[in-house]
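Input: a single structure, listed below in structure tokens.
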Amino acid sequence: MTTALKQRHDMDKKMDHDLLREAGRMVGRCDRCGTCLPVCPLFGVKGIEATSARGKNAVTRALADGGLEPTREALDIVNFCLLCRACVDTCPAKVPTDEAMVDVRQHLIDLTGGASTKYKLVGGILKRPGVVKAASAALSILRRSGLNGLFPYGMAPEAYTRSHFLTAFAGPAALGQQAPPSTVSVSDRSKVAYFRGCGMEMMFPEAAAQTRAILENTARLREPGNVCCGLPHLAHGLRGDFLDLARRNIRIFEEADVVVSDCASCGATLKHLGSFFADDPAWKDRATAFSAKVMDLTEYLAKVGYTPRQKTAAVFTYHDPCHLVRGQGIAKPPRELLKAAGGFVEMKGSDICCGGAGSFHIDYPDAAAQILDRKRRNIEETGASVVVTGCPGCLIQLAKAAKASGGKFKAMHISQVI
Amino acid sequence: MIDAGIKKKINDVVGRDYVLDSELNRFGYSYDSSFIPLLPENRPDLVVLPRTAEEVSRVMAVACEEEIPVTPRGAASGRTGGSIPLRGGISLCLDRMTKIVELDERNMMVTAEAGVRTIDLYNHCAAKGLFFPPDPASWKFSTIGGNVAENAGGMRAVKYGVTKNYVMGLEVVLADGAILWTGGKAIKNVTGYDLTSLFTGSEGTLGIITRALFRLIPMPKRRGTLQVMFRNLDDGCRTIHTMLLSGIVPAAAEIMDRTCLEVVARHRKTELDPEVGACIIIEIDGDDDTSLEIQAKGIEDVAISCGAVTFRAARSQQEADEIWAVRRGISSAVAALAPHRIGEDISVPRDAFPEVVRRIAEISKKHGFTIAVYGHAGDGNIHPSLLCDLSKPGEEERVHRAVDDIFAAALSVGGTLSGEHGIGITKRPYIRDALGEIGIRTLKAVKAALDPKGLLNPGKIW
């Protein structure tokens, strides 16, 4: 190992050891008032204290203070979190429960001898861009390893494509209303790059293609060929891999002025990279500069004044991905775009997690299904024909909800309808 | 300890899914939102989550027979340790009992199970134009059983009173499992002792409140929110006092000091005017806009004569909601300012409010602690929050002396230890000063009569 590599390795390790203390410090601000109880989707379905944000924070604090042993049960408790940030949003002391959970997971996994084989395998696949790109190859590896449940391939063929959508909604109201070509001109100086998320590539390539088409309308698009954003690794105790991927992405996009993501989770992760390298003098400035360039697709489109390619008779409702509404504070731009592309009805609890949460829906199918069921009822109540979102993880869940609704609505990525 | 045989009996009553005995699940029921530290743990031996009063009754019968301590719990949002199981045993968590049983519009009364969240009860009644006024800051998550057991107050107490002013009757499971009904829908009722009042505010030490009947009042047709900034707390206190004497009774009149305002500004990433040292938030209500305008004008005149820096009336419901959200979150936001926060809940006669606020400022200076001050200025209930770091050597002793001084100040002006949080564990050392020997003896006599084995919420109040 070269000296530089060794130093980096030591730094990543050192950070691991400080993680519990850091998590303890974060949750030390929790005074256990209970404001988070009504908004925590998992407490909503389980009703047991340890499933709530307050409960997990209390466990974290007791672990950090040495009052509780780092057991398997403790790991189960911190794993049972959607990382949806609903608690953080409502907390009077702004306790970052999601960040604390990620840190405690890593700490406990380090103690108990590494991440589970399942996450190592998936993490390994996502680390290899060639494999992700050849989505079918990746999926066949997953299928052979019996892990296809993680990425329900069966979802993709059922996905509703843009051409289906246009056929279905190009009814009388849409006649003669073909939107004029986008009037936006982006100066040659802004180098706009697309960040291809693994979820979009592997499961919703048709939606990813639409994102490219939209972006090409606004700028000469660059695709420097990124690697995974690293969130799946970070969330499941593979912090070293996460940091490694982050460094590679920072390097890959060094030339770009704007990095656009059509996946809420990738976008939120990339926007926060700066904070993960705060203690690393070699990467701190580069990471911060990179994070500042990242934009969600809808955020970028609002900035350049994009007009949807068509206005149809479709009535939309919108599901806020946790990592977009709370992770990035973006709620208005997607709604504005949808209002310009058709009818719009707001659903009840639009910003409540759908239960997808990365691989949460695979690990805890019952809890995820209960959460999704509430989401489905809220969607049905709007009478909308299409529920739109901006995250492949949510889209998997919403496609399941669409199926469960018996065809009352379709689930689509925002790129497919604007 | 609770052996397998007893566990089986309890499983048979509530179902296996609603009995928790793993280490960390029990840990989850070992704390509340008081400043009692998480460690050393006060873990129950078993957590039981019943769904009906009948299940509570059968669990209590087992507990009574086996002499197992039982600590009732709702959302554990209490501030004095009331739901912490000090002696192990069973944590009896009632948050699955969430049924609003009946809204009787003709009699303007509502019956709800103990686990109904306060805000859900409010909204349920409001949908029919009826008003359930008690609104503790925690109303979005606190449960109504806990509100009754602690006789919770809230922002609107200045005009509408506290929880006990609305309780008409209770369903209570007694220590031996018998189910008692007290009170009823008759407005006048002197048939026997007033047991409804006895159980209200009994902090889970006399029986398990499983259901409550509340009276309601018509919903005010219009509401308005005012926010007034002052240079110091004294000007704010004087404004509220003068306003009340002039005959204006707002629905709520809250005060907060500079420390509170700074924490709000930090969370909202805004700059606080350096001139501002205190803020009052007022809710007014009435039948029409004219009535609100008259009240607002009256309050503005008083505030200006008392040296107000700015006066602002919320222009929309959203603006009003934002102002109140800030007030409701103050307690926890202030708590996050230091490693430890000792929050108190003294209550004094209304005219002594400015005096006691001044004395708290002196106590803060004398002992060298920041004491953030906020509270219900309109009804004399104030929450001094002492910010400290108990890991520093000698700090705990100094904190005790400062808290002694705060309580002494409250009692010396004719006030009391707790306005709305109860005594629980945290104020237990001071209760003798407040009630005297005879007072304590009487409480103990009542306790012995209703809970002879001392199983219900042991270790609380005295």
message: When you scan segment B:354-362, do you find a residue that is assigned to a loop (DSSP other than H, G, I, E, B), over 20 Å from the mean Cα position of the chain (by Cα), among the hydrophobic types (A, V, I, L, M, F, W, C) and within 25 Å of B:Arg401 (Cα to Cα), even just one?
response: no
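If we only count helices (runs of 4 or more DSSP H) wholly inside segment B:1-114, which ones have 1 or more residues that are away from every other protein chain (no Cβ under 14 Å) and within 30 Å of B:Phe132 (Cβ to Cβ)?
Values: elements: B:4-14, B:23-27, B:53-66.
In segment B:1-114, B:53-66 are the helices (runs of 4 or more DSSP H) which contain 1 or more residues that are away from every other protein chain (no Cβ under 14 Å) and within 30 Å of B:Phe132 (Cβ to Cβ).
For segment B:10-34, enumerate the residues that are among the polar types (S, T, N, Q) and within 30 Å of the chain's Cα centre (by Cα). Can you show your working first?
First, pick out the residues of segment B:10-34 that are among the polar types (S, T, N, Q): B:11, B:22, B:25, B:30, B:33-34.
B:Asn25, B:Ser30, B:Ser33, B:Ser34 - these are the residues of segment B:10-34 that are among the polar types (S, T, N, Q) and within 30 Å of the chain's Cα centre (by Cα).
Given the structure, is A:Ala357 surrounded by 24 or more Cβ atoms within 10 Å (Cβ to Cβ) and over 13 Å from the mean Cα position of the chain (by Cα)?
The answer is no for A:Ala357.
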- request: Tell me which residues, restricted to segment B:299-336, are at pLDDT below 90 and in a loop (DSSP other than H, G, I, E, B).
  value: B:Ala336
- line: Here the residues within segment B:325-356 that are of a type in the set (Asp, Glu), farther than 25 Å from A:Val27 by Cβ and either in the same structural domain as B:Met155 (by TED's automatic domain parsing) or touching a helix residue (DSSP H, G or I) at 6+ places or on another chain (Cβ under 8 Å) (or both) are B:Asp351
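For segment B:121-142, which positions are within 14 Å of another protein chain (Cβ to nearest Cβ) and within 25 Å of B:Ala186 (Cα to Cα)? Please lay out each step first, then the result.
Filtering segment B:121-142 for residues within 14 Å of another protein chain (Cβ to nearest Cβ) gives B:121-123, B:136-142.
Across segment B:121-142, the qualifying residues are B:Leu121, B:Tyr122, B:Asn123.
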query: Can you name the residue in segment A:189-213 that is hydrophobic (A, V, I, L, M, F, W, C) and under 23 Å from A:Gln310 (Cβ atoms) and is also surrounded by the fewest Cβ atoms within 10 Å (Cβ to Cβ) among such residues?
result: A:Ala213
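Residues checked against (1) under 15 Å from the mean Cα position of the chain (by Cα); (2) under 23 Å from B:Val70 (Cβ atoms); (3) assigned to a helix (DSSP H, G or I):
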position	(1), (2), (3)
B:Tyr122	no, no, yes
B:Asp135	yes, no, no
B:Gly146	yes, yes, yes
B:Asn151	yes, yes, no
B:Lys159	no, no, yes
B:Thr182	no, yes, no
B:Ala186	no, no, no
- request: Show the residue pairs that are 6+ apart or on different chains and have beta-carbon atoms under 6 Å apart, the first residue being within segment B:23-36 and of a type in the set (Lys, Arg), the second being surrounded by fewer than 24 Cβ atoms within 10 Å (Cβ to Cβ).
  value: B:Arg26/B:Arg43
field: Selection within segment A:79-96 - at the interface with chain B (Cβ under 8 Å from one of its Cβ atoms) and either assigned to a helix (DSSP H, G or I) or on the phi < 0 side of the Ramachandran plot (or both)
entry: A:Cys91, A:Pro92, A:Ala93, A:Val95
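Filter segment A:63-78 for residues that are in a loop (DSSP other than H, G, I, E, B) and either more than 10 Å from every other protein chain (Cβ to nearest Cβ) or on the phi > 0 side of the Ramachandran plot (or both) and give the result.
If we filter segment A:63-78 for residues that are in a loop (DSSP other than H, G, I, E, B), which is where we start, we get A:65-71.
Within segment A:63-78, A:Gly66, A:Pro70 meet the criteria.
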field: Enumeration of residues in segment B:75-90 that are among the hydrophobic types (A, V, I, L, M, F, W, C) and buried (at least 24 other Cβ atoms within 10 Å of the Cβ)
entry: B:Ala75, B:Ala76, B:Ile84, B:Ile90
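If we scan segment B:233-256, do we find a residue that is within 14 Å of another protein chain (Cβ to nearest Cβ) and either under 26 Å from B:Ser347 (Cα atoms) or touching a strand residue (DSSP E or B) at 6+ places or on another chain (Cβ under 9 Å) (or both)? It would help to see each step written out before you state the result.
If we filter segment B:233-256 for residues that are within 14 Å of another protein chain (Cβ to nearest Cβ), which is where we start, we get B:256.
Imposing the further condition that a residue be either under 26 Å from B:Ser347 (Cα atoms) or touching a strand residue (DSSP E or B) at 6+ places or on another chain (Cβ under 9 Å) (or both) reduces the set to B:256.
Yes - at least one qualifying residue is present in segment B:233-256.
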- prompt: How many residues are modelled with pLDDT under 90 and surrounded by 19 or more Cβ atoms within 10 Å (Cβ to Cβ) when one looks only at segment A:214-229?
  reply: 2
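Could you say which residue among B:Asp287, B:Asp301, B:Asp321, B:Asp273 is more than 21 Å from B:Gly224 (Cβ to Cβ) and of a type in the set (Asp, Glu)?
Working: B:Asp287 fails: more than 21 Å from B:Gly224 (Cβ to Cβ); B:Asp301 fails: more than 21 Å from B:Gly224 (Cβ to Cβ); B:Asp321 fails: more than 21 Å from B:Gly224 (Cβ to Cβ).
Only one candidate qualifies: B:Asp273.
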- prompt: How many residues does segment B:246-291 hold that are among the small types (Gly, Ala, Ser) and free of Cβ contacts under 8 Å to residues at least 24 places away in the same chain?
  reply: 2
statement: Within segment A:39-62, residues more than 7 Å from chain B (Cβ to nearest Cβ), surrounded by fewer than 23 Cβ atoms within 10 Å (Cβ to Cβ) and not in a helix (DSSP H, G or I) come out as none
- line: If you go through A:Val325, A:Val258, the only one that is over 30 Å from A:Ala401 (Cα atoms) and not charged (D, E, K, R) is A:Val258
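Just checking, does segment A:248-262 include any residue being within 22 Å of A:Ala399 (Cα to Cα) and in contact (Cβ under 8 Å) with a residue 40 or more places away in the chain? Break it down stepwise before answering.
Step one: list which residues in segment A:248-262 are within 22 Å of A:Ala399 (Cα to Cα), which gives A:261-262.
Next cut, in contact (Cβ under 8 Å) with a residue 40 or more places away in the chain only: A:261-262.
So far as segment A:248-262 goes, yes, one or more of its residues are within 22 Å of A:Ala399 (Cα to Cα) and in contact (Cβ under 8 Å) with a residue 40 or more places away in the chain.
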query: What are the residues in segment B:264-296 that are under 26 Å from the mean Cα position of the chain (by Cα), modelled with pLDDT of 90 or more and aliphatic (A, V, I, L, M), if any?
result: B:Ala278, B:Ile280, B:Ile281, B:Ile282, B:Ile284
Single condition A:Arg25 does not satisfy, out of (1) outside any loop (DSSP other than H, G, I, E, B); (2) within 13 Å of chain B (Cβ to nearest Cβ); (3) crowded, with 22+ Cβ neighbours inside 10 Å; (4) modelled with pLDDT under 95: (3)
- prompt: So which residues in segment B:324-354 are farther than 24 Å from B:Gly224 by Cα and within 14 Å of chain A (Cβ to nearest Cβ)?
  reply: B:Ser332, B:Ala333, B:Val334, B:Ala335, B:Ala336, B:Leu337, B:Ala338, B:Pro339, B:His340, B:Arg341, B:Ile342, B:Gly343
B:Gly89 in contact (Cβ under 8 Å) with a residue 60 or more places away in the chain and under 24 Å from the mean Cα position of the chain (by Cα): no
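Condition check ((1) crowded, with 22+ Cβ neighbours inside 10 Å; (2) on the phi > 0 side of the Ramachandran plot) across all residues:
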| residue | (1), (2) |
| --- | --- |
| B:Gly201 | no, yes |
| B:Gly204 | yes, yes |
| B:Lys221 | no, no |
| B:Phe230 | yes, no |
| B:Thr239 | yes, no |
task: Evaluate segment A:328-349: report whether one residue or more is modelled with pLDDT of 95 or more, hydrophobic (A, V, I, L, M, F, W, C) and in a loop (DSSP other than H, G, I, E, B).
output: yes
message: Just to check your reading of the model, which residue among B:Gly380, B:Gly394 is buried (at least 20 other Cβ atoms within 10 Å of the Cβ) and without any contact (Cβ under 8 Å) to a residue 60 or more places away in the chain?
response: B:Gly380
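Take B:Thr52 and tell me if it is of a type in the set (Val, Ile, Thr), at pLDDT 95 or above and under 24 Å from the mean Cα position of the chain (by Cα).
Numbers: of a type in the set (Val, Ile, Thr): yes; at pLDDT 95 or above: yes; under 24 Å from the mean Cα position of the chain (by Cα): no.
So B:Thr52 fails the test.
The values are calculated or read from the model by the stated rules, or taken from the named source; none is laboratory data. Here the structure is a predicted model, which is why all the values come from computation and not from measurement. Cβ coordinates were reconstructed from backbone atoms using ideal geometry, including for glycine residues, and neighbour counts include every protein chain displayed.
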